[in-house]
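Inspection log for the structure reproduced underneath, given as structure tokens.
The values are calculated or read from the model by the stated rules, or taken from the named source; none is laboratory data. Just so it is clear, the structure is predicted and the values come from calculations on it, not from any experiment. Every residue, glycine as well, gets a Cβ built from its backbone with ideal geometry; the counts of neighbours run over all protein chains shown.
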Amino acid sequence: MNAEATTIPITKSIRDRLKSFGQKGETYSDILTRMMDSIDRDEFMDRMYRRLEEKDQFVSLDSYESELNGVQN
């Protein structure tokens with residue numbers, strides 16, 4: 001284990017699920033790194049924005065700027 005290692009508290013059930021994604025000899029860090037590397041960041045962010053929009057908790061910067069400009073004019 002390298003000097004930069006840290007502890008992340010998780011439940012035993014999550015630890016077991018994480019372990020099930022691993023291969024023999026892999027550390028939890030290896031498993032998480034591989035999983036995160038396989039996720040397309042742009043796709044992930046698009047999915048998160050869609051979720052926020054569905055909950056009506058997201059205002060795009062373009063919409064905000066339009067509203068601001070309308071108030072200032």
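Got a number for residues in the stretch 9-45 being part of a helix (DSSP H, G or I) and either of a type in the set (A, V, I, L, M, F, W, C) or in contact with a helix residue (DSSP H, G or I) (Cβ under 7 Å, 6 or more places away or on another chain) (or both)?
Here is the first cut: in the stretch 9-45, the residues part of a helix (DSSP H, G or I) are 12-20, 28-38, 41-45.
From what is left, the residues that are either of a type in the set (A, V, I, L, M, F, W, C) or in contact with a helix residue (DSSP H, G or I) (Cβ under 7 Å, 6 or more places away or on another chain) (or both) are 14, 18, 28, 31-32, 35-36, 44-45.
Residues in the stretch 9-45 being part of a helix (DSSP H, G or I) and either of a type in the set (A, V, I, L, M, F, W, C) or in contact with a helix residue (DSSP H, G or I) (Cβ under 7 Å, 6 or more places away or on another chain) (or both): 9 in total.
MET35 meets the conditions (1) surrounded by 10 or more Cβ atoms within 10 Å (Cβ to Cβ); (2) at pLDDT 95 or above in every case but one. The failed one is (2).
Filter the stretch 46-65 for residues that are surrounded by 10 or more Cβ atoms within 10 Å (Cβ to Cβ) and modelled with pLDDT under 80 and give the result. Lay out the reasoning, then the answer.
Kept after step one, since they are surrounded by 10 or more Cβ atoms within 10 Å (Cβ to Cβ), are these residues of the stretch 46-65: 46-53, 58-60, 63-65.
Passing the criteria: GLU53, PHE58, VAL59, SER60, SER63, TYR64, GLU65.
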